[in-house]
Each structure stands twice: as structure tokens, then as C-alpha cells.
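Before anything else, here's the structure in question.
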Amino acid sequence: MSNLEIIEQVVGEGTEAVAGTQVWVHYTGWLFDASAENQKGSKFDSSVDRRELFSFALGAGQVIRGWDQGVAGMKIGGKRTLIIPSELGYGARGAGGVIPPNATLVFDVELHDVR
């Protein structure tokens, strides 16, 4: 898998997220597991569990490339599932002992605000 897969769960109706805007999202991330329900294996992070929105500048390289590409075009209130290949994620280095090298990731992302 080398392409980002975007599954539109809910199309938002608010302001659109474009490069150069600041966005606020809720997300949950899992390791991809083809045999698991919805291909969601082990959960490794969730802003929902922390009850704290995550904010970043879209298109500025502050997050993995799969997020910059996968959040672009969302509108406030929108929900997407992103299946992110390792090349657009953490690659061969993995992350923090939680995400193994060359891991495909699955994120549920909900866009809350764009400024």
C-alpha cells in the first residue's frame, strides 16, 4: 500500500480546511490490521480519550504527510477515516516505541474548527 485512502464518513458543512489554515481535530489512531474489525488493530493514541482537541497548521509539515493530505478539503463537522501507508506516516523509523517501523496506520478524524 503506497496511497492514502480516505473514507468519507460524514461530509461537514462548515469552513473548509485548506493549506495555511489552523485546524482543530479530534482523532483516534490504530495500527492497521487487515484481520481486525474495520482494519483497526491496536489503538495507540486518541485525543478523544484525553478530551482535548489537537491543533496544527495544515500543510506546514507539523504532522505526518498522511494527515496534511487527508485533512485537506474537510469541512467543519466532517468525519473521515484515513488509512495511511508508512511512507506518509512514520516510515522506517516508527515512533516512540508505540508505532513499529513501516506501519500502516488508521485514523478516525473529526474536524471541529478552522481559522
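Bear in mind that the values in this text are calculations on the coordinates, not laboratory data. Just so it is clear, the model here is predicted, and its values are computed rather than measured. Counting neighbours? That spans all protein chains shown, and the Cβs are built from the backbone with ideal geometry, glycine included.
Could you give the length gained on full extension between GLN9 and ASP49, defined as 0.36 nm per residue of separation minus the Cα-Cα distance, in nm? All intermediate terms of the calculation are to be shown ahead of the outcome.
Working: separation 40, 0.36 × 40 = 14.40 nm, distance 2.00 nm.
In short, 12.4 nm is gained.
Sort out for me the Cα centre separation of the stretch 68-105 from the stretch 33-59, rounded to whole Å.
What the calculation gives is 9 Å, centre to centre.
7 Å from Cα along Cα→Cβ at both ALA57 and ALA92: what's the point-to-point distance in nm?
Calculated label separation equals 3.0 nm.
To make sure I understand the rule: partners must be aspartates and glutamates, Cα under 12 Å from the Cα of LYS43, and not fewer than 8 residues away in the same chain. Which ones qualify?
Here the aspartates and glutamates satisfying the reach criterion relative to LYS43 are ASP33, ASP108.
Applying 1/(1 + (r/R0)^6) with R0 = 25 Å to the Cβ-Cβ distance of ALA36 and ARG115, what FRET efficiency is obtained, to the nearest 0.05?
Working: r = 36 Å, r/R0 = 1.43.
Between ALA36 and ARG115 the formula returns 0.10.
Using just the alpha carbons, could you tell me how many Å³ per residue the convex hull of the stretch 3-114 encloses? Could the numbers behind the result be given before it?
On the way: hull volume 10.6 nm³, N = 112.
It is 95 Å³ per residue.
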